[in-house]
Structures are given as structure tokens and as C-alpha cells.
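Where a number appears in this text, it was derived from the coordinates with a stated rule and is not lab data. Quick caveat: nothing in here was measured; it's all calculated off a predicted structure. Cβ: placed from backbone, ideal geometry, glycine included. Neighbour counts: every protein chain shown.
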Amino acid sequence: MKLPSYRRIIKTDYAEEYQALVEKMAVSINYGFDSLYDALNKKLTFNDNIISTYAELNVVVDVDGVPQNGTVFKLDASQTSIRGLIVLDCYTLKTPNNPPNSAPFVSFGKSENSVILRRITGLTPDVIYTIKLLAI
């Protein structure tokens with residue numbers, strides 16, 4: 001559902017004695033509502049509005065799901081903590097249209113400003129996958 005349009009604050013809608021004050025306040029209020037209205041009208045993005053880090057890695061796991069390579073990525077400078085990882089996409093390197101048989105789940109740890117992938121379930125062992133992650 002799209003937000004309905006809103007009415008801006010206009011000084012002439014108020015009694016003449018308040019118009020100077022309304023005119024001064026309207027600049028800030030209208031600008032704030034414009035920004036909020038735009039954001040809530042499908043213009044929020046992870047990159048611009050939510051502290052997060054995007055990572056794209058090539059990984060190979062063993063039979064226990066332990067990554068054999070590509071196990072670390074750096075957080076963006078503005079991100080100092082991590083609550084979780086979201087798997088955005090995952091596919092084999094040889095056949096990009098061939099996703100894993102089950103949804104990958106990534107367990108991780110944090111060290112300084114880096115994320116360490118500890119285990120990735122749902123992947124076939126000894127197959128090279130490209131995995132796209134969002135750290136939030």
C-alpha cells in the first residue's frame with residue numbers, strides 16, 4: 001500500500017499574527033516530513049539507512065559444513081557490532097542457476113572488525129559456492 005499524500009504546512013493557513021512563526025517552523029517541519037514520507041514510500045535501503053555490511057565470498061565446506069576457504073570478511077567502517085547474517089543468495093560457481101538443495105545457514109564469530117564464518121549448513125561438501133551475505 002502506498003502512503004496517501006500529505007499536506008505541507010503553509011503560513012497562509014494560519015491567522016496573520018502567527019504567519020511569521022509558522023513560516024520559520026514550516027521549513028524544518030516540511031523538510032522532515034518530506035524525508036520521512038519519501039523513506040516510508042519504498043525508498044529505504046540497507047546501504048543508506050541500516051548499518052550493515054554486504055559480503056560476497058567463494059566458499060568450499062567439508063562434510064561438517066566447516067568452510068575450507070573464504071572464511072573471513074571485514075565489516076564496513078561504520079559497523080562496530082553484528083547481530084546476525086542474512087544469506088541473500090547462494091549458488092555453485094560452475095552453474096549459477098543451481099542453488100543448494102537446502103537453505104544455507106551460517107554460524108559466525110566476530111573478531112575486531114571482521115566476521116569469521118565458522119560453519120555453513122545446507123551446502124554440498126567440496127563444491128565451490130558463491131554466497132552473498134548481509135551482516136546486520
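Before moving on, here are some points about what is shown:
- Under 23 Å between alpha carbons - lysine pairs in the chain that sit 8 or more apart or on different chains: 9
- Residues whose placed amide H lies under 5 Å from that of residue 114, excluding near-sequence neighbours: 75
- The modelled label-to-label distance for the pair residue 10/residue 88, using points 7 Å beyond Cα in the direction of Cβ, is 4.3 nm.
- Computed from the alpha carbon atoms alone, the convex hull of the range 51-135 holds 79 Å³ per residue.
- Relative contact order (%) - the range 1-44, alpha-carbon pairs under 8 angstrom, separation at least six: 41 percent
- In this label model, residue 113 and residue 38 are separated by 2.9 nm, measuring between points 7 Å along each Cα→Cβ vector.
- Listed values for the range 52-60 are Karplus-derived 3J(HN,Hα) couplings in whole Hz (6.51 cos²θ - 1.76 cosθ + 1.60, θ = phi - 60°), namely 7, 10, 9, 9, 10, 10, 9, 10, 10, and x replaces Gly and Pro.
- Phi to ³J(HN,Hα) by Karplus 6.51 cos²θ - 1.76 cosθ + 1.60 over the range 111-127, Hz, x for Gly, Pro: 9, 6, 10, 10, 10, 10, 7, 9, 7, 10, 8, x, 9, 6, x, 6, 10
- Debye log10 I(q)/I(0) for the range 1-85, one point scatterer per Cα, at q = 0.16, 0.21, 0.22 Å⁻¹: -0.83, -1.02, -1.06
- Principal-axis analysis of the Cα atoms of the chain puts helix 19-40 at an angle of about 20° to the longest axis.
- The 3J(HN,Hα) values that the Karplus relation (6.51, -1.76, 1.60; θ = phi - 60°) gives for the range 98-103 are, in residue order, 10, x, x, 5, 9, 5 Hz. Gly and Pro appear as x.
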